[in-house]
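Just below is one structure, and these are the notes that go with it.
The values are calculated or read from the model by the stated rules, or taken from the named source; none is laboratory data. Model, not experiment: these values are computed from the prediction. In this analysis, Cβ positions are derived from the backbone assuming ideal geometry, glycine residues included, and neighbour counts consider all displayed protein chains.
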Amino acid sequence: MALVLSGRKFARVVRSSLLERVNALSGPPPGLTVIMVGDDPASRVYVGAKEKACKKVGFNSRIVSLPEETTEGQILDLINELNSDDSVHGILVQLPLPAHVSVDRIASAVLPEKDVDGFHPVNVGRLWRGEDGLFPCTPSGIVGLLHHHQIPLSGKNALIVGRSNIVGKPMAALLLRENCTVSIAHSRTSNLIEQCRRADLLVVAVGRAEMVNADWVKPGAVVVDVGMNRNSEGKLVGDVDYNSVSSVCSAITPVPGGVGPLTIAFLLENTLLARTRLLT
């Protein structure tokens, strides 16, 4: 039977460690400001969860809610103010943004030292150069989860299915740091199933409900499912068919309760790290 890699349980471990470290701080607690533009229901729920998590570990949390019609210039002005605010250690701009706002320009406006999403070009460069920086929360959480379960990574063949700037690409960079041999696959990859079958570590982040089944997976592989979808019955499922794949792999993340809880936990980690570096 496959080992269940519970992100929910690991996130509790991370939060407990964060609370201890925050209580031991001298000076102000970490401060996180989240900017939300518009009233996307999923974003509203997610931002609320971030605020709740901040309070549990003693962070100062602030949500700035802006109307849908807020201009890009107004958002940039707000970011500039937050960049100069010494009480703000982390700035996060919640996605998605309205169509009239450039995600790239907004991401580039946040001070790299306060960029707790890890999307600023400077932090992206630091990631790929093997330097210290603030890196995307979901991939960082995945590596943390694998370390927590003492899953060997060095020398393993890792395949990431998905090439987004949020998960796929930074996941590749972080696994290279772990001495994995890394490949990235996507919708135009030839012989995708055969590629997946060769992977010792398979990370799936494509947004297609239960696309990967047992026939795609090398026996004994470790499978990380980043997907979050609704199937035809309205049930929350991942990109991996959990029931079939768990019969052939050695370890697997469930959906829900796998990768999802790690994103907020490592957002908090990034915020504490940012605070530490800004005040050093």
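Brief remarks follow.
- All positions within segment 187-208 that are within 19 Å of the chain's Cα centre (by Cα) and either surrounded by fewer than 19 Cβ atoms within 10 Å (Cβ to Cβ) or over 18 Å from residue 259 (Cβ atoms) (or both): 207, 208
- The set of residues from segment 144-167 being on the phi > 0 side of the Ramachandran plot and either modelled with pLDDT under 95 or surrounded by 18 or more Cβ atoms within 10 Å (Cβ to Cβ) (or both) comprises just one member, 162.
- Segment 78-131, residues that are free of Cβ contacts under 8 Å to residues at least 40 places away in the same chain, of a type in the set (Lys, Arg) and touching a Gly at 6+ places or on another chain (Cβ under 8 Å): 126
- Output for segment 214-236, where each listed residue is out of contact with any Lys or Arg (no Cβ under 6 Å at 6 or more places or on another chain) and surrounded by 15 or more Cβ atoms within 10 Å (Cβ to Cβ): 214, 216, 217, 221, 222, 223, 224, 225, 226, 227, 228, 229
- Within segment 15-27, tally of residues that are at pLDDT 95 or above and either within 18 Å of residue 88 (Cα to Cα) or of a type outside the set (Ser, Thr, Tyr) (or both): 9
- Sole residue being under 30 Å from residue 238 (Cβ atoms) and in contact with a strand residue (DSSP E or B) (Cβ under 8 Å, 6 or more places away or on another chain), chosen from 48, 31, 38, 7: 38
- In segment 1-17, the residues that are crowded, with 19+ Cβ neighbours inside 10 Å, assigned to a helix (DSSP H, G or I) and not β-branched (Val, Ile, Thr): 7, 10, 11
- Which listed residue, of 77, 86, is loosely packed, with under 14 Cβ neighbours inside 10 Å and assigned to a helix (DSSP H, G or I): 77
- Taken together, the residues in segment 18-36 that are surrounded by 16 or more Cβ atoms within 10 Å (Cβ to Cβ) and hydrophobic (A, V, I, L, M, F, W, C) amount to 6.
- Segment 80-94, residues that are closer than 15 Å to residue 108 by Cα and out of contact with any Leu (no Cβ under 6 Å at 6 or more places or on another chain): 80, 81, 82, 92, 93, 94
- Residue 277 fulfils the conditions (1) modelled with pLDDT of 95 or more; (2) assigned by TED's automatic domain parsing to the domain that holds residue 143; (3) of a type in the set (Lys, Arg) except for a single criterion, (2).
- The requirement of being touching a Leu at 6+ places or on another chain (Cβ under 8 Å) and over 24 Å from residue 264 (Cβ atoms) is fulfilled somewhere in segment 102-113, by at least one residue.
- Among the residues examined, residue 173 does not qualify as assigned to a loop (DSSP other than H, G, I, E, B) and hydrophobic (A, V, I, L, M, F, W, C).
- Residues of segment 38-61 that turn out to be crowded, with 17+ Cβ neighbours inside 10 Å, of a type in the set (D, E, K, R) and more than 18 Å from residue 272 (Cβ to Cβ), as a count: 1
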